[in-house]
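Take a look at the structure below.
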Amino acid sequence: MDGQQSTAAKAATVGPVILLGAPGAGKGTQAKLIAQRYGIPQISTGDILRDNVARGTELGKKAKAFMDRGELVPDQLVCDMVADRLRQADCNHGFILDGFPRTVAQAEWLDQLLADQFFKNRCQVPPVVVNFRVGYNQLLQRLTGRRSCPACGRIYNIYFQPPRVPDTCDADGSKLVTRKDDTEEVIAERLKAYERQTLPLIDYYQRQGRLREINGDQPPDKVTAEAFRAMEHGDRL
Ligand code: AMP
């Protein structure tokens, strides 16, 4: 089987993949690698919201103040946005949710949505939930050091994974940017929101028997290898 066929064969059975972890745990980086390997889209609610803010849409205008303060955007706004995205045809064989759900209410809503006949007909595999566990100090360094390419989305870290030329994307030469909410004050708020609102999801998915835990403090290639193993666990692939 050639690489293309193998990806297509896997894509037929991947189903929903949910990535959990604090801000800075590496969800975005790992989501991109999983997306490439299994041929399914990465759906980052943070990216979609930032895009809406940049384009000045109604949703972007409503979400901006919450995001600037490091707070979660209200469930209803985010759930409607996710429902629209998941109905697109590229999600037929599976998708990676990166940054969603973030509250128990969002997780309950997602369970209902996936139980809907529309999704049952398209994506019959139950979700796999991967949690990246990363220590607090490591998270802080990852968030304060994070830089990204506005053109291709590649993520760097000035401490651990610097670009070859400072502030410049290795792939396309664009000037790297720091996310507006990666400042110390907003980071502290985002981590508080994570502890209060998102951490309870670990229990929620553990009770459903879906949770796979990964030590996200390891070097990125080891984390990736564990994430792929978690994806291929049991009868999923
Ligand atoms: P992220 O890029 O995932 O760190 O998200 C950036 C910001 O977008 C968060 O701090 C929230 O304000 C907002 N956001 C992203 N995903 C969600 C979500 N599932 N629920 C509520 N707010 C979200």
Could you give the accessible area per residue of region 27-125, probe 1.4 Å, as a whole number in Å²? 47 Å²
Given contacts defined as C-alpha pairs under 8 Å and at least six residues apart, what's the relative contact order of region 128-237, whole-number percent? 34 percent
The simple spin-label model distance between residue 69 and residue 165, using points 7 Å out along Cα→Cβ, in nm, is 4.2 nm
Percent relative contact order for the chain, counting Cα pairs under 8 Å at least six residues apart, stands at 28 percent
Collect residues whose amide H, placed 1.01 Å from N in the peptide plane, falls under 5 Å from the amide H of residue 129; neighbours closer than 5 in sequence don't count. 18, 212
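So, for region 139-192, what is the accessible surface per residue at a probe of 1.4 Å, expressed in square angstrom? Each step should come with its number before you reach the end.
On the way: 3180 Å² over 54 residues.
For region 139-192, the solvent-accessible area averages 59 Å² per residue.
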With x for Gly and Pro, the residue-by-residue ³J(HN,Hα) of region 176-193, computed from phi through the Karplus equation 6.51 cos²θ - 1.76 cosθ + 1.60 at θ = phi - 60° and given in whole Hz, is 6, 10, 9, 5, 4, 8, 8, 9, 4, 5, 6, 4, 4, 5, 5, 5, 5, 4
List the aspartates and glutamates whose alpha-carbon lies under 18 Å from that of residue 180, not counting same-chain residues fewer than 8 positions away? 47, 51, 68, 71, 167, 189
Taking the Cα-to-Cβ direction at residue 113 and at residue 51 and moving 7 Å from each Cα, how far apart do the two end points lie in nm? 1.5 nm
Identify the residues of region 30-67 with backbone N under 14 Å of a label point that sits 7 angstrom from the Cα of residue 88 along the Cα-to-Cβ direction, or state none. 40-52
Please compute one quarter of the surface area of the Cα convex hull for the chain and express it in square nanometres. 13.1 nm²
In whole percent, the fraction of accessible protein surface over the chain that belongs to carbon or sulfur atoms, probe radius 1.4 Å, stands at 51 percent
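The values are calculated or read from the model by the stated rules, or taken from the named source; none is laboratory data. Everything quoted here is computed from the prediction, not taken from an experiment. Glycine also receives a Cβ, built like all others from the backbone with ideal geometry; neighbour counts cover every protein chain displayed. Heavy atoms of the whole protein, side chains included, go into the accessibility calculation; ligands, DNA and RNA do not. Shrake-Rupley method; radii C 1.70, N 1.55, O 1.52, S 1.80 Å.
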